1. Could you please find all residues in the range 147-165 being free of Cβ contacts under 8 Å to residues at least 24 places away in the same chain, farther than 18 Å from residue 87 by Cα and either open to solvent by 60 Å² or more (accessible area, probe 1.4 Å) or not in a helix (DSSP H, G or I) (or both)?
2. When the range 38-64 is examined, which residues are found to be among the charged types (D, E, K, R), open to solvent by less than 30 Å² (accessible area, probe 1.4 Å) and without any contact (Cβ under 8 Å) to a residue 12 or more places away in the chain?
3. Just to be sure, is residue 62 at pLDDT 90 or above and in contact with a Lys or Arg (Cβ under 6 Å, 6 or more places away or on another chain)?
4. Determine which member of the set 88, 126, 144 is within 30 Å of residue 28 (Cβ to Cβ), open to solvent by less than 20 Å² (accessible area, probe 1.4 Å) and part of a helix (DSSP H, G or I).
5. Examine the range 20-33 for a residue that is open to solvent by less than 50 Å² (accessible area, probe 1.4 Å), within 30 Å of residue 177 (Cα to Cα) and among the aliphatic types (A, V, I, L, M), and state whether such a residue exists.
Amino acid sequence: MTERSLASKINFFDLRRNNRLIIRDARKEELSFIREQRVKAYEDHTEKVPAEHWEALKKAISSEADQQEGVDLIVAEINGVILGSVALFPAKTDAYEGYVDEMDYPEIRVLAVGNESRGSGVASALIDECISRAKAKGFDAIGLHTGSFMNDAIGLYQGKYGFERMPEYDFVPADDGIVVKAFKKNI
């Protein structure tokens, strides 16, 4: 059974009943799977953006930026199956390839949960891990950027976690009017 077909058999009930969700650092041999899962998760947004924007986004989320020095690439797994991942970029890193000034706090990037695992708490577990790691490193804030069209993500960040808008750090990467919105949370 492939990882993808096994993941489709894992549901919210399994996560709660078995309580075997493991959050850990990704391994090098998992990188291609993580990037493929990321692209599939973000494909939900292809209808919301022009084709050129989607191609630029796909290139960005598939890049090796998550392999920079000091970046924590984190996965959530159950029974050996990766359900989602996130990258936590250290403070004072060019996490957005020159679009934004380097921040004085860590940044959450490329949070992605496989379609079959959405709504099961995987995204929250990954965000919680990022917050814990930022606190453990002595930071009192954490940030992130997300596309203005990613309504579910924005709802989670603002609604559940209380991230606040930081419009002064917004940017428009494709010069097409689609804003990548900045958020920050004091921790």
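The values are calculated or read from the model by the stated rules, or taken from the named source; none is laboratory data. Bear in mind the structure is a predicted one, so any value in this text is a computation, not a measurement. Cβ placement follows ideal geometry from the backbone for every residue including glycine, while neighbour counts extend to all protein chains displayed. Each accessible area value is taken on the protein alone, full model and side chains, heavy atoms only, with ligands, DNA and RNA left out. Shrake-Rupley method; radii C 1.70, N 1.55, O 1.52, S 1.80 Å.
1. 151, 152, 159, 162, 164, 165
2. Residues satisfying the conditions do not exist here.
3. Criteria met by residue 62.
4. 126 is the lone residue from the list that is within 30 Å of residue 28 (Cβ to Cβ), open to solvent by less than 20 Å² (accessible area, probe 1.4 Å) and part of a helix (DSSP H, G or I).
5. No, the range 20-33 contains no residue that is open to solvent by less than 50 Å² (accessible area, probe 1.4 Å), within 30 Å of residue 177 (Cα to Cα) and among the aliphatic types (A, V, I, L, M).
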